[in-house]
Amino acid sequence: MKKRELEIILESLRGFESPKIKLEQYVTPPSLAAFIIVNARLNDDLNTVFDLGCGTGILAIAASLLGAYSVGFDVDPEALKIARKNAAEMNADADFVCTDVKDVKIKKRGTVIMNPPFGIQRRHADRPFLQKAFEISNVIYTIHSAGSSKFVEKMAEECGFRVTHIWKFSIPLRKTYSFHEKAFKYIPVEVFRIEKYESCNAGR
Ligand code: SAH
């Protein structure tokens, strides 16, 4: 499946019914989701995929449509209800679990693909997501606000991982508070591919 075809399919998925500001809920734009998943497939990273803070499931479902088995985790049962419906409609091989990210448990490491809260409401709200990702994966694709690279690289290094790619995008974010300005503003984001390096598997 080509990126454009995947993007068109993802456009038909349902999003959040009433997004919760505190949880920084917003759907990854389909074009960005398709970009990430197509690249993950090119790198042969789509086996078992864990989507931390999966929301309505776009990343988990996209990964499944390109051949992965995915498990999405989110603390919000209402979002997961929509994610399950989306997955069923797409015949996607995906399961969804309601839990706080810090309590996620898995049997065997896989690939984490996630769009965690950026920390706009709470600084470094993305930290527990990265921490968990380092615990359960060999490879990570993760979206952060622009300017996060020092923070992400430092955490990666401390956990025996290294950043292999950084892609820069601008994505439309719906304004939550202001009804007087434009409904959307574009914010710059960075997508990271991070991998565990073999030498670290030894003495750890
Ligand atoms: N990954 C989805 C949603 C991104 S929004 C997408 O790409 O479209 C961030 C998601 O993180 C929300 O669904 C929110 O409910 C979830 N979230 C926020 N804090 C969380 C926590 N502590 N544990 C688990 N999920 C959390």
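The values are calculated or read from the model by the stated rules, or taken from the named source; none is laboratory data. Keep in mind it's a predicted model, so treat the numbers as computed, not measured. A quick note on method: Cβ atoms are made from the backbone with ideal geometry, for glycine too, and the neighbour counts reach across all protein chains shown. What goes into the accessible areas is simple: the full protein's heavy atoms, side chains included, and nothing from ligands, DNA or RNA. Shrake-Rupley method; radii C 1.70, N 1.55, O 1.52, S 1.80 Å.
Laid out as a table, the results:
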{"quantity": "The stretch 64-109 - residue that is of a type in the set (S, T, N, Q) and more than 16 Å from the chain's Cα centre (by Cα) and, of those, nearest to Lys132 (Cα to Cα)", "calculated": "Asn86"}
{"quantity": "Residue in the stretch 31-41 that is within 26 Å of Glu190 (Cβ to Cβ), within 8 Å of the ligand (Cβ to nearest atom) and out of contact with any Cys (no Cβ under 7 Å at 6 or more places or on another chain) present", "calculated": "yes"}
{"quantity": "Considering residues of the stretch 29-66 that are in contact with a Gly (Cβ under 8 Å, 6 or more places away or on another chain) and of a type in the set (Ser, Thr, Tyr) only, the residue nearest to Asn86 (Cα to Cα)", "calculated": "Thr56"}
{"quantity": "Residue check, Thr28 touching a Lys or Arg at 6+ places or on another chain (Cβ under 7 Å), within 20 Å of Arg174 (Cα to Cα) and of a type in the set (Ser, Thr, Tyr)", "calculated": "no"}
{"quantity": "Enumerated strands (runs of 3 or more DSSP E) restricted to the stretch 84-162, each holding at least 1 residues that are open to solvent by 50 Å² or more (accessible area, probe 1.4 Å)", "calculated": "94-98, 137-145"}
{"quantity": "Candidate set from the stretch 27-67 (those that are farther than 19 Å from Glu195 by Cβ and of a type in the set (Ser, Thr, Tyr)); member that is surrounded by the fewest Cβ atoms within 10 Å (Cβ to Cβ)", "calculated": "Ser31"}
{"quantity": "Selection within the stretch 51-77 - of a type in the set (A, V, I, L, M, F, W, C) and within 10 Å of Asp95 (Cα to Cα)", "calculated": "Ala60, Ile61, Val71, Phe73"}
